[in-house]
1. Which is assigned to a strand (DSSP E or B), of a type outside the set (F, W, Y) and closer than 30 Å to T7 by Cα, of D59, D22, D28?
2. Determine if region 41-55 includes at least one residue that is aliphatic (A, V, I, L, M), in the same structural domain as D14 (by TED's automatic domain parsing) and over 14 Å from the mean Cα position of the chain (by Cα).
3. Do you know which residues across region 47-56 are part of a loop (DSSP other than H, G, I, E, B) and polar (S, T, N, Q)?
4. Cβ-Cβ below 8 Å, separation at least six or inter-chain, first residue in region 16-39 and among the basic types (K, R), second not in a helix (DSSP H, G or I): which pairs?
5. Does region 62-108 hold any residues that are surrounded by 16 or more Cβ atoms within 10 Å (Cβ to Cβ) and either of a type in the set (F, W, Y) or part of a helix (DSSP H, G or I) (or both), and which are they?
6. Evaluate region 67-85: report whether one residue or more is of a type in the set (A, V, I, L, M, F, W, C), more than 30 Å from R129 (Cα to Cα) and at pLDDT 85 or above.
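The values are calculated or read from the model by the stated rules, or taken from the named source; none is laboratory data. Since we're looking at a predicted model, the values are computed, not measured. Note that each Cβ is placed from the backbone with ideal geometry, even for glycine, and that neighbours are counted across all protein chains shown.
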Amino acid sequence: MYRQRATRQQRALDHLLAACTDFRSAQDLHAQLRADGAPVGLTTVYNNLRALAESGAVDTVRTEDGETLYRRCRSDAHHHHLVCRDCGRTIELSGPAVEQWADTVAAGEGFVDVRHTVEIVGTCRSCARGPHAAD
């Protein structure tokens, strides 16, 4: 858990995030919690997701229209994401070349304590094949 004494709402959100394999919006998570009978407000969901993201317990990605999506981290190591813009399928990637480039650029400009996020957005093979890919 992410707090010493988790509330019922926090436990319900934690349980839901553990069951999700894809990135979901705060509104989607809130709607699912409500459908599951959890009496939780949207503001509570947003506040808890923000705290989880700040602690590194959840990954975030931004959609092309600026919405933040959340997912439980599958890896404790620093990583990046390859995200399908159609279905949301996400693959966690390590990127040694990206890490080296970020360190070099930051050092060249005199920056220290640098953090970065890389999201590569495209269309996965299944979505690119179209609606009849299974045929």
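1. Selected residue: D59, the only one of D59, D22, D28 that is assigned to a strand (DSSP E or B), of a type outside the set (F, W, Y) and closer than 30 Å to T7 by Cα.
2. Yes - at least one qualifying residue is present in region 41-55.
3. Scanning region 47-56 gives no hits.
4. Qualifying pairs under 8 Å: R24/L69; R24/Y70; R24/R71; R34/V40.
5. Answer for region 62-108, where residues must be surrounded by 16 or more Cβ atoms within 10 Å (Cβ to Cβ) and either of a type in the set (F, W, Y) or part of a helix (DSSP H, G or I) (or both): Y70, A102.
6. Among the residues of region 67-85, not one is of a type in the set (A, V, I, L, M, F, W, C), more than 30 Å from R129 (Cα to Cα) and at pLDDT 85 or above, which makes the answer no.
Okay, residues lined up against (1) hydrophobic (A, V, I, L, M, F, W, C); (2) within 25 Å of T123 (Cβ to Cβ):
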residue: Q9; (1), (2): no, no
residue: A12; (1), (2): yes, no
residue: A19; (1), (2): yes, no
residue: Q32; (1), (2): no, no
residue: G37; (1), (2): no, no
residue: N48; (1), (2): no, no
residue: D59; (1), (2): no, yes
residue: G66; (1), (2): no, yes
residue: R74; (1), (2): no, yes
